[in-house]
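Here's the structure we're looking at; comments come further down.
The values are calculated or read from the model by the stated rules, or taken from the named source; none is laboratory data. No experiment lies behind these values; they were computed from the predicted model shown. Cβ placement follows ideal geometry from the backbone for every residue including glycine, while neighbour counts extend to all protein chains displayed.
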């Protein structure tokens with residue numbers, strides 16, 4: 001750690017591990033999600049994070065509402081991780097919009113098409129930024 005900063009410096013870790021470490025920094029205690037291939041690195045890292053409870057869901061729609069309910073009940077950030085990029089991300093919309101309307105601290109995470117394939121109409125590609133901008137603080 002740098003004496004002039006309280007930020008933790010992380011080197012040589014996977015993207016999934018970086019996400020989980022970021023959640024720890026934000027003091028996230030519980031994550032809801034549907035395990036899927038688009039976010040598998042995150043779920044792999046979450047498996048080793050004994051201080052974050054994982055609650056599996058059967059559908060991202062219910063998971064988004066569960067994260068919202070958790071945030072409202074505890075005042076802590078509710079987190080939902082979608083298992084797939086296209087349909088997983090679109091399934092989050094209603095719950096995330098409801099959370100935004102209630103000013104609930106909810107974080108949603110979904111995989112995406114690789115940067116090199118954006119705009120090529122690849123499998124499950126959707127413009128997530130356009131989808132979520134109207135209903136979130138940050139996208």
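A few notes on this one:
- Flag if residue 23 is in a helix (DSSP H, G or I), at pLDDT 95 or above and farther than 16 Å from residue 106 by Cα: no
- Residue match in the range 122-133 (condition: closer than 30 Å to residue 11 by Cβ, in contact with a helix residue (DSSP H, G or I) (Cβ under 8 Å, 6 or more places away or on another chain) and either free of Cβ contacts under 8 Å to residues at least 24 places away in the same chain or surrounded by fewer than 17 Cβ atoms within 10 Å (Cβ to Cβ) (or both)): no
- Residues (touching a strand residue (DSSP E or B) at 6+ places or on another chain (Cβ under 8 Å) and assigned to a loop (DSSP other than H, G, I, E, B)) located in the range 27-36: 28, 29, 34, 35
- Any chance residue 96 is surrounded by 16 or more Cβ atoms within 10 Å (Cβ to Cβ), assigned to a loop (DSSP other than H, G, I, E, B), touching a helix residue (DSSP H, G or I) at 6+ places or on another chain (Cβ under 9 Å) and free of Cβ contacts under 8 Å to residues at least 60 places away in the same chain: no
- Of all residues in the range 30-42, those that are crowded, with 17+ Cβ neighbours inside 10 Å have Cβ atoms under 9 Å from Cβ atoms of residues that are modelled with pLDDT under 95 and in a strand (DSSP E or B), 6 or more apart or on another chain, in 31/109; 33/109; 39/109; 42/109.
- Being at pLDDT 95 or above, in a helix (DSSP H, G or I) and in contact with a strand residue (DSSP E or B) (Cβ under 9 Å, 6 or more places away or on another chain) is a property that does not hold for residue 39.
- Boolean, residue 70 is assigned to a helix (DSSP H, G or I) and surrounded by 16 or more Cβ atoms within 10 Å (Cβ to Cβ): yes
- Candidate set from the range 51-65 (those that are crowded, with 19+ Cβ neighbours inside 10 Å and touching a strand residue (DSSP E or B) at 6+ places or on another chain (Cβ under 6 Å)); member that is nearest to residue 107 (Cα to Cα): 64
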